[in-house]
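The values are calculated or read from the model by the stated rules, or taken from the named source; none is laboratory data. Quick caveat: nothing in here was measured; it's all calculated off a predicted structure. Glycine gets a Cβ as well: all are built from the backbone with ideal geometry, and neighbour counts include every protein chain shown. Heads up: the accessible areas ignore ligands, DNA and RNA and are worked out on the full protein's heavy atoms, side chains in. Shrake-Rupley method; radii C 1.70, N 1.55, O 1.52, S 1.80 Å.
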Amino acid sequence: MTGVGFKAILVLASFTVLLVFNSAYATNNPDSVPIGANTYAATPVSLDLNDGGCANYGGDPDNDGICAHWKDGTYGSGLHVVFTDSSIGGVQVQYRYDLPCTPGATLQSDPSGYTVCPSTNQKDIYLQIDCMTGQCPQPQAIYDVVSAFAQQGIVLHVGMGQNPATVPTSGIADIGLHYCNVKNVVKNYDSANAACTSSSGYYQSYPFLKQNFFGTAAERSGNTSYCPLNGVPPGYSPSNANAFNCLTAKRQVFHYAMFVNYQWGAPTSSGWSEVYGNDFIISLGGFTNGVGSLDEQEGSIMHELGHNLGLNHGGSDINNYKPNYLSVMNYLYQFKENADSCRPLDYSNTALANLNENSLTDSNIGSYAYPSGSSCAGQQRAIFWSTPSGGIISSTTGVTDDWDNNGVDTNTYSQILNNIGTQYTGSPTTLTGFNDWNFILNGNSNNPEPMDFRPSSNFYQTVLPASNLDSDVITQNTLNHSDMPLLLAGVIHQNNVNTAPSSPTGLATNVVSSSQIDLSWTSPSNNSNSPITGYEIKRSTDNGNTWSTIQANTGSTATTYSDTGLSSGTQYTYQVYAINSVGTGASSSTASGTTNNNQQDPMQAIGWAAGLAIAAIMSGIGIWIAVRRRS
């Protein structure tokens, strides 16, 4: 392989899970009426194609696709996308988008990077993330991705939601709408009453959603603080000329993503992205709690943004599950739960040795250390591969990688090493290592500037003025494809499958009195990817032959309980079950305790003894007083 090609393709990142459909919107039929698109129209305007690139705007010395004058203070502090274009009707139109920054702001003061100032001394990437109601990511997921890029000297500026200025103190604002499903590349709204796999209601197309929600609420209203110009090309009559003008400029720089529920026809997919482009979807409706865990959210953002930057599942190619490719782009490492619980949120930073599957020998391809901050810091990263029998094993550097798993050194042999998650029927090939960060930072001969998405066919396809839709997400490249699902079993497992939790452990009783027994236990070691919400407690008075429920759901994560109002001198046996959003898990082991008899109750005995002693003392005092009076 020669590296990432300059061609643009799409990828549907699919992960097969046991679906637990989110019924929160099942009674909302339909979810919402279709929305109108008139904020800005599709145009052939593209700086690189129609205005000589950045040559007229200070060049692009840091190779991040953002012209120097747009961020060096020529037009003021902050990001200022300013250029002219005459591609429509030969009429020259000046476009401008202004995004102020906060001088002195750092990723410590603003971990989203949104208010941090751009600079020609660093590479900058801009991303707007929106979310449907009920599908918004945790702010920490954004911060962790921003931090991962910062480790490489890249400042990722993320505008979260429709009012980014309120973040992070007020959380993420959503678009105020929810659709069951989203179609990723269709141009128009399809059916007013299409059935959803999760509930009844509308589905919507991603291009239509971007058309309506790209830009903040202030920018779409044409606020002159961001949108100072109102020039539009001939043949266009937008409802708000200022918004049309500045959002046309903004889209030259900003990636756009939306967190949605499900993708139409792919409810188990975690995302969809343009490979070398500017648009992607995160769809975690079938994952943890219907929105994805923190790990699933940040892993999906990093994965899909990596596709926008030109990375594929094998780095430079589409060969997934490669043992010599330690990247979040590899399905093995998109989520920690897939294989490596210590997986750092990171692209690959070293190209491990190539593996010729037609001529393998037991060898050590090497690895590299987990970064500081990881729970496995200082150790070498594990690598995973498939054996001839279909098993999955792992190893680290310093250990000979026994690819055929026969326990002895073997002469040259042929074997497919990435038959993980799919019934791979191809032939052995050469699996190449790849350094993601080196490619993102420096490009290669096929794509010298991966951060500049404007030359990609995914950014601009064709003019669609009649449909009033954004053509940069209407991709018709014949290389577009859907990825094979992730089906892991055996050594590697999927904790992103939502099931009831495992059993609580360590159940113990403590007899307090003749009428009270206290219970304590340890929460399950595996909550099956859905947080524990409470416990069910059962009690038996016949040594476990019959049971009665004394607490259907504690509604608390506390692992103690006091059983009161019991009969004295009676043996009670208990079981505890953990509860999560999916249901009630398996029972704990039993534990028994016998309440004290009334006459044996130590506290009661102490009370009687104390009472008798006090009575005796008082009686003696009374006799002494009487004798004294007589004398």
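Below are the figures for this structure:
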read-out	value
Top-ranked residue in the stretch 341-388 [being acidic (Asp, Glu) and over 24 Å from the mean Cα position of the chain (by Cα); ranked as least open to solvent (accessible area, probe 1.4 Å)]	Glu357
Residue match in the stretch 582-599 (condition: part of a helix (DSSP H, G or I) and modelled with pLDDT under 95)	yes
Criterion: open to solvent by less than 40 Å² (accessible area, probe 1.4 Å), closer than 14 Å to Tyr206 by Cα and in contact (Cβ under 8 Å) with a residue 12 or more places away in the chain - qualifying residue of Phe259, Phe254	Phe259
The stretch 558-573: number of residues that are closer than 16 Å to Ser540 by Cβ and either touching a Lys or Arg at 6+ places or on another chain (Cβ under 7 Å) or crowded, with 16+ Cβ neighbours inside 10 Å (or both)	5
Matching option when the condition is at pLDDT below 95, closer than 20 Å to Tyr226 by Cα, open to solvent by 10 Å² or more (accessible area, probe 1.4 Å) and part of a loop (DSSP other than H, G, I, E, B), among Ala173, Ala165	Ala173
Among residues of the stretch 69-100, those that are touching a Ser or Thr at 6+ places or on another chain (Cβ under 7 Å), over 13 Å from Cys227 (Cα atoms) and surrounded by 16 or more Cβ atoms within 10 Å (Cβ to Cβ), counted	4
Residue that is nearest to Asn181 (Cα to Cα) [pool: residues in the stretch 202-216 that are at pLDDT below 80 and outside any helix (DSSP H, G or I)]	Tyr203
Check on Asp98, modelled with pLDDT of 95 or more and either within 16 Å of the chain's Cα centre (by Cα) or not in a loop (DSSP other than H, G, I, E, B) (or both)	yes
Unmet criterion (only one of (1) of a type in the set (S, T, N, Q); (2) in contact (Cβ under 8 Å) with a residue 60 or more places away in the chain; (3) more than 25 Å from Tyr143 (Cα to Cα)) for Thr288	(3)
Filter result for the condition that a residue is over 12 Å from the mean Cα position of the chain (by Cα) and outside any strand (DSSP E or B), over His255, His303, His307	His307
Residue match in the stretch 518-527 (condition: modelled with pLDDT of 95 or more, out of contact with any Leu (no Cβ under 6 Å at 6 or more places or on another chain), open to solvent by less than 40 Å² (accessible area, probe 1.4 Å) and within 30 Å of Thr288 (Cβ to Cβ))	yes
Residue list for the stretch 59-75, filter: part of a loop (DSSP other than H, G, I, E, B), touching a residue at least 60 places away in the same chain (Cβ under 8 Å), within 19 Å of Ser46 (Cβ to Cβ) and not small (Gly, Ala, Ser)	Asp60, Asn63, Asp64, Ile66
Verdict on Thr115 being touching a Ser or Thr at 6+ places or on another chain (Cβ under 7 Å), β-branched (Val, Ile, Thr) and buried (at least 17 other Cβ atoms within 10 Å of the Cβ)	yes
Filter result for the condition that a residue is farther than 25 Å from Tyr126 by Cα, at pLDDT below 75 and buried (at least 19 other Cβ atoms within 10 Å of the Cβ), over Gly426, Gly421, Gly433	Gly421
Among the candidates Ser269, Ser316, residue that is of a type in the set (Ser, Thr, Tyr) and under 15 Å from Ala257 (Cβ atoms)	Ser269
Number of the exception - Gly235 against (1) at pLDDT below 90; (2) closer than 16 Å to Gln94 by Cβ; (3) open to solvent by 10 Å² or more (accessible area, probe 1.4 Å)	(2)
Those residues of the stretch 326-339 which are under 14 Å from Ile383 (Cβ atoms), in a loop (DSSP other than H, G, I, E, B) and out of contact with any Phe, Trp or Tyr (no Cβ under 6 Å at 6 or more places or on another chain), in sequence order	Leu326, Asn330
Qualifying residue in the stretch 274-286 (condition: touching a helix residue (DSSP H, G or I) at 6+ places or on another chain (Cβ under 8 Å), open to solvent by 10 Å² or more (accessible area, probe 1.4 Å), of a type in the set (A, V, I, L, M) and assigned to a loop (DSSP other than H, G, I, E, B))	no
Residue satisfying condition, being touching a residue at least 12 places away in the same chain (Cβ under 8 Å), out of contact with any helix residue (DSSP H, G or I) (no Cβ under 9 Å at 6 or more places or on another chain), in a loop (DSSP other than H, G, I, E, B) and hydroxyl-bearing (Ser, Thr, Tyr), within set Ser119, Ser87, Ser147, Ser109	Ser119
